[in-house]
Amino acid sequence: MDMSQYRDLFLSETREHINNLNQLVVTLEQEPGNRETIDALFREAHSIKGMAATMGFDRTAELSHHLEDMLDGFRATGEVPASTVDYLLAGIDLLDGLLDDLQSNKPERSIDAFMVETPNEEPAREESVLTAEILEEIPAEELVAVAVEGESEEITPADESAPEPEVAPVVKVETEESNKAETKKKSVKEPDVFKVLVKLAENTPAAAARGILVLRELEKSGELMSSKPDMAALRGGAPCQKIQAWLRTSLAKMHIEEALLRISGVVKVRFIDDRRKDESSGRDEGGRTIRVRTDLLDQFVNLTGELITNRYMLHTATNGRDWDKLTQTLSQTSRLIDDLHHQVLQARLMPLENITGRLPRIIRDLSRKTNKEVTLRLTGAEVGIDRVVLEALTDPLVHLVRNAVDHGIEKEGVVTLSARREKDLVLIEVADDGKGMDPEQLRQQAVDRDLMTPSQAASLSDRDALMLVCRPGFSTTEEVTETSGRGVGMDVVKAAVSNLGGSLDIISAPGEGSRFQMRLPLSIAIIKILLVSCAGHPLAIPLTRVQRTLDLPTCDIQLSGQKRVFRLGEEVVSLYSLAEALGLPEVAAGETTWVVLTEVQGRRVGLQVDHFLGQREAFVKALGFPLNLLVGLNGATVEGNGQVVFIVDPQALLENRQLFKND
Amino acid sequence: MALRVMVVDDALFMRSMLKDIFVRAGYEVVAEAENGEIALELYQEIKPDLVTMDIVMPKKSGIEALQEIMASDPDACVVMVSALGQDSLVLEAVESGAKDFIVKPFKENNVLEIVRRITGQA
Amino acid sequence: MALTLIFTLGEELYGLEIDAIQEVIEDPPLHYVPRAEGVLSGAINFHGQILAVIDLPSLLGFPGEERDHRQVVLTPQFKSLVLTVSAIQRIVKLDLTTLQPPPEQAGKSAIRGVAGLDEMMVNLLDTDEVINQLENSYAE
């Protein structure tokens, strides 16, 4: 039986089980004797084992079997010793790593080192902190590599009656021989994707057969993703002087080159790094699956049926030139389409809890490491968000939570993650009840770092001062902690939110905790845009990027340091020209200058356009090569008349012009 | 241990030439066959490390012999020996599992390079 | 024998296998692409897909202003690029099994091989190389 069709399902389900395992272990740590939790853990491991064995993923099956056995033992005693928690977690991490391998079509990594290890019986406090730290920082595959390094240590087989006072080899080797660990890390590097060009000698006899040998050699070196000519073409005897192949491999290019050059007839091998590997590698690859409830599917079918009926009614009305009937049916059709649109969006929504699952585990590891007592509260985890948005949020969310523990909370406190719908947006907030942030201190710091002059800093509102932490390289803690120098990651968080067409706000005051609020569109396939014209071309700006629009009397625009500025209440706002940013000829403004107020690097700026053409909802079409390489283009949309309108991101356009370089 | 080679070709001339090349390189030529049928029998009996196989031979062609050898021993190491202009036959052979091919007329070095590559010997 | 579209780039004769072509379209409305310059002459709406139009003579450095009003849409395998050429001529049957290697490739050429057509030589367009060069021109 061909199992490959079940592979995606296996992967997504097993990830869910792993998520559950992580959460259950953390729960268990708080109540070691909770029977139900132990039973639940056992069942999760058991499910993974069954699925993996069916799929023929031997190591995944073996490891989950091992964990299942261990948990079964705990079911008998009714208790999980605190000292085995780290071991369990390391096992879960290793399972996760195995899934990564399977997902990227690599052989499953070795689990031997883990299998021969024993859980620590009585680790000293300090050492266990160290374990947590390592688990946190090093992906499981490197843990394994390091542990193999430590095999010269005597390895005690699993035996409950023989306590193992020593720290597990993993920890010891990592601390004492970090150099070796470093070397190991390199040898197990993530696979790279690149293009290989292989040239055969002129007039090579049976070149197609030669080409097949080249492809076979490439297949031995890694995953041959595609090639030109491909295997089928070569079998058909295609001419073959040059072969281009896309290869995903962890082998060094040198080795591959050597092997290829040994093939008779191969005269030249060249490598081209893949700029597109972000799209084609890792977890994002291939056909994504999503589970849709059957009742939702039924509604699709019903709506489609109604639309079909509607089509006939439209035909009839048109043929009979019955305008009343036509108008009536048209409005019915548009209602049905709205309905369908709504339902389709529903189908793409996934609850936030899909990505919050690993947060309890992260908080637990972080609290142990920083010696703080941190409680995580989750509310609104059931709120649905478009899956694309959800995936892009995973890392920013982890970052905000880490920041809250690292910088917000001092000794003990609560980190609250909440989500709720706000019209067609979702608000996700990460709040802590820690020491809060001081706008004054941030202003001072901006001046100290030469990011702005004292008078510029003084003119920042408190809100804008807080946003300074989102500037690249800005940090508010004197000593940058190893988990998260605040500011190191906030620019990334801000960028991720912006890329999704969302916005980030920070609310904080000394002694009052901090709240990081992300407002995100429910769906990014359909967005609201502002249409403007610029040197005669229509362009779209996502409405999420527009604070407001202004029609400014041209005489209100002044020059300040050779830059155009205008007053907005108390604030002095710089004015840039969209035409100039796009390299288009400027159209001289008449009495009124049309301005889009937007934000670039946390600062309010005005963007001059020729005219406003209105707001609307637009279906965003993704851009293909090479349009996707142009900076500042987010997509395109097609107007009713067929006109293609590109969606521009003012921030990226202006940043790319380096308008902010010297101020 | 020296590499054990079987040379299959209906022409004694070719067999001798290949044999000399292998002997000079320090390999042991453990068998010779003049058609596919004999080659198949000898292969089952001797299990050589490497076979060089002519394509056009009486009784059983090199490709048929190759296919049967591969069916009985998927790890078999067979190198085809073809003449110029037999591209489609070479293709068929490679698809049937031949590890590489040598095109006549060949040079000694050429043959040895190919053998070293596929046997993984330096 | 492979069906091949014959066209010119500047003074040179080029060929592209029909298999690599999705459609030849006539004068589609060309839409403005912000920031596009040089070889990217705009975008078209091709059955709802937004495709980039590449000016092949400029990309490959051919002089001359002549452009055919028709454009060649490549298959998705070649990123559905839309190519403008100097002049589209006709479709012929070419024997691609006896391709001669192109002259030592200097600079920007994108030729996979040279085939004979009557008394003429046809350069077969190397579409992968076209994509390569586009990638390179947007690399920075």
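The table for this structure:
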| quantity | calculated |
| --- | --- |
| Residue count for the range A:597-653, restricted to those that are touching a helix residue (DSSP H, G or I) at 6+ places or on another chain (Cβ under 6 Å), hydrophobic (A, V, I, L, M, F, W, C) and within 21 Å of A:G536 (Cβ to Cβ) | 3 |
| Residues within the range B:46-105 that are in contact with an Asp or Glu (Cβ under 7 Å, 6 or more places away or on another chain) and basic (K, R), tallied | 2 |
| Count - residues of the range C:1-22 that are on the phi < 0 side of the Ramachandran plot and away from chain A (no Cβ under 14 Å) | 13 |
| Residue list for the range A:217-256, filter: outside any helix (DSSP H, G or I), without any contact (Cβ under 8 Å) to a residue 60 or more places away in the chain and polar (S, T, N, Q) | A:S226, A:S227, A:Q241, A:Q244, A:T249 |
| Some residue of the range A:596-607 being more than 13 Å from chain C (Cβ to nearest Cβ), more than 35 Å from the chain's Cα centre (by Cα) and farther than 22 Å from A:A458 by Cα | no |
| Extreme residue, surrounded by the fewest Cβ atoms within 10 Å (Cβ to Cβ), among residues of the range A:611-631 that are closer than 15 Å to A:I529 by Cβ and within 13 Å of another protein chain (Cβ to nearest Cβ) | A:F619 |
| All helices (runs of 4 or more DSSP H) inside the range A:1-105 with 3 or more residues being surrounded by fewer than 18 Cβ atoms within 10 Å (Cβ to Cβ) and over 30 Å from the mean Cα position of the chain (by Cα) | A:35-55, A:58-77 |
| The listed residue being surrounded by 17 or more Cβ atoms within 10 Å (Cβ to Cβ), modelled with pLDDT under 90 and under 30 Å from A:G237 (Cβ atoms), out of C:Q22, C:Q77, C:Q100 | C:Q22 |
| Count of the range A:204-237 residues which are more than 10 Å from chain B (Cβ to nearest Cβ) and either surrounded by fewer than 18 Cβ atoms within 10 Å (Cβ to Cβ) or of a type outside the set (V, I, T) (or both) | 16 |
| Selection from the range A:415-468 of residues that are in contact with a Lys or Arg (Cβ under 6 Å, 6 or more places away or on another chain) and under 19 Å from A:L397 (Cα atoms) | A:T416, A:L425, A:L427, A:E429, A:A431 |
| Residue check, A:V388 in contact with a strand residue (DSSP E or B) (Cβ under 7 Å, 6 or more places away or on another chain) and either buried (at least 22 other Cβ atoms within 10 Å of the Cβ) or over 13 Å from A:R515 (Cα atoms) (or both) | no |
| Residue check, B:V29 buried (at least 17 other Cβ atoms within 10 Å of the Cβ), more than 9 Å from chain A (Cβ to nearest Cβ) and within 20 Å of A:V214 (Cα to Cα) | no |
| Considering residues of the range A:504-528 that are without any contact (Cβ under 8 Å) to a residue 60 or more places away in the chain and surrounded by 17 or more Cβ atoms within 10 Å (Cβ to Cβ) only, the residue farthest from the chain's Cα centre (by Cα) | A:I507 |
| Unique residue being crowded, with 18+ Cβ neighbours inside 10 Å, out of contact with any Phe, Trp or Tyr (no Cβ under 9 Å at 6 or more places or on another chain) and not in a helix (DSSP H, G or I) when the list is A:L366, A:L376 | A:L376 |
| Check on A:V383, surrounded by 22 or more Cβ atoms within 10 Å (Cβ to Cβ) and of a type in the set (V, I, T) | no |
| Flag if C:E129 is within 14 Å of another protein chain (Cβ to nearest Cβ), within 20 Å of A:A238 (Cα to Cα), part of a helix (DSSP H, G or I) and not aromatic (F, W, Y) | yes |
| Residue tally, condition away from every other protein chain (no Cβ under 14 Å), farther than 18 Å from A:L345 by Cα and among the hydroxyl-bearing types (S, T, Y), over the range A:511-540 | 1 |
| Residues of the range C:35-49 that turn out to be surrounded by fewer than 23 Cβ atoms within 10 Å (Cβ to Cβ) and either facing chain A (nearest Cβ under 8 Å) or of a type in the set (S, T, N, Q) (or both), as a count | 9 |
| Residue among C:V53, C:V82, C:V72 that is more than 14 Å from chain A (Cβ to nearest Cβ) and modelled with pLDDT of 90 or more | C:V72 |
| Candidate set from the range C:56-65 (those that are touching a residue at least 40 places away in the same chain (Cβ under 8 Å) and more than 12 Å from chain A (Cβ to nearest Cβ)); member that is farthest from A:P239 (Cα to Cα) | C:G64 |
| Single unsatisfied condition, A:N310 versus (1) without any contact (Cβ under 8 Å) to a residue 60 or more places away in the chain; (2) under 30 Å from A:A392 (Cβ atoms); (3) not acidic (D, E) | (2) |
| Residue check for A:R321: modelled with pLDDT of 80 or more, farther than 30 Å from C:P101 by Cβ and in a loop (DSSP other than H, G, I, E, B) | yes |
| Among (1) away from chain A (no Cβ under 14 Å); (2) loosely packed, with under 15 Cβ neighbours inside 10 Å; (3) within 14 Å of the chain's Cα centre (by Cα); (4) not hydroxyl-bearing (S, T, Y), the one test that B:A83 misses | (1) |
| Conditions (1) of a type outside the set (F, W, Y); (2) more than 17 Å from A:N628 (Cα to Cα); (3) at pLDDT 90 or above; (4) surrounded by fewer than 22 Cβ atoms within 10 Å (Cβ to Cβ); number of the one not met by C:G61 | (3) |
| Answer from A:V638, A:V565, A:V596 - the residue that is of a type in the set (A, V, I, L, M, F, W, C) and in contact (Cβ under 8 Å) with a residue 24 or more places away in the chain | A:V596 |
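So that you can scan it fast, the table gives a plain yes or no per residue for (1) assigned by TED's automatic domain parsing to the domain that holds A:K621; (2) closer than 17 Å to C:V33 by Cα; (3) under 36 Å from the mean Cα position of the chain (by Cα); (4) exposed (fewer than 12 other Cβ atoms within 10 Å of the Cβ):
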residue: A:L531; (1), (2), (3), (4): yes, yes, yes, no
residue: A:A540; (1), (2), (3), (4): yes, yes, yes, no
residue: A:V546; (1), (2), (3), (4): yes, no, yes, no
residue: A:C555; (1), (2), (3), (4): yes, no, no, yes
residue: A:L559; (1), (2), (3), (4): yes, no, no, yes
residue: A:E570; (1), (2), (3), (4): yes, no, no, yes
residue: A:A579; (1), (2), (3), (4): yes, yes, yes, no
residue: A:A588; (1), (2), (3), (4): yes, no, no, yes
residue: A:E591; (1), (2), (3), (4): yes, no, no, yes
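Here is a yes/no grid of residues against (1) facing chain A (nearest Cβ under 10 Å); (2) in a loop (DSSP other than H, G, I, E, B):
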residue: B:V51; (1), (2): no, no
residue: B:V56; (1), (2): no, yes
residue: B:A76; (1), (2): no, yes
residue: B:V94; (1), (2): yes, no
residue: B:A98; (1), (2): yes, yes
residue: B:I102; (1), (2): yes, no
residue: B:R117; (1), (2): yes, no
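Here's the yes/no breakdown for (1) polar (S, T, N, Q); (2) within 14 Å of another protein chain (Cβ to nearest Cβ); (3) outside any strand (DSSP E or B):
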{"residue": "A:T549", "(1), (2), (3)": "yes, no, no"}
{"residue": "A:L552", "(1), (2), (3)": "no, no, no"}
{"residue": "A:C555", "(1), (2), (3)": "no, no, yes"}
{"residue": "A:R564", "(1), (2), (3)": "no, no, no"}
{"residue": "A:R567", "(1), (2), (3)": "no, no, no"}
{"residue": "A:V572", "(1), (2), (3)": "no, no, no"}
{"residue": "A:Y576", "(1), (2), (3)": "no, no, no"}
{"residue": "A:E580", "(1), (2), (3)": "no, yes, yes"}
{"residue": "A:P585", "(1), (2), (3)": "no, yes, yes"}
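The values are calculated or read from the model by the stated rules, or taken from the named source; none is laboratory data. From a predicted model like this one, the values you see are computed outputs, not experimental measurements. Every residue, glycine among them, receives a Cβ derived from its backbone with ideal geometry; neighbour counts consider all protein chains shown.
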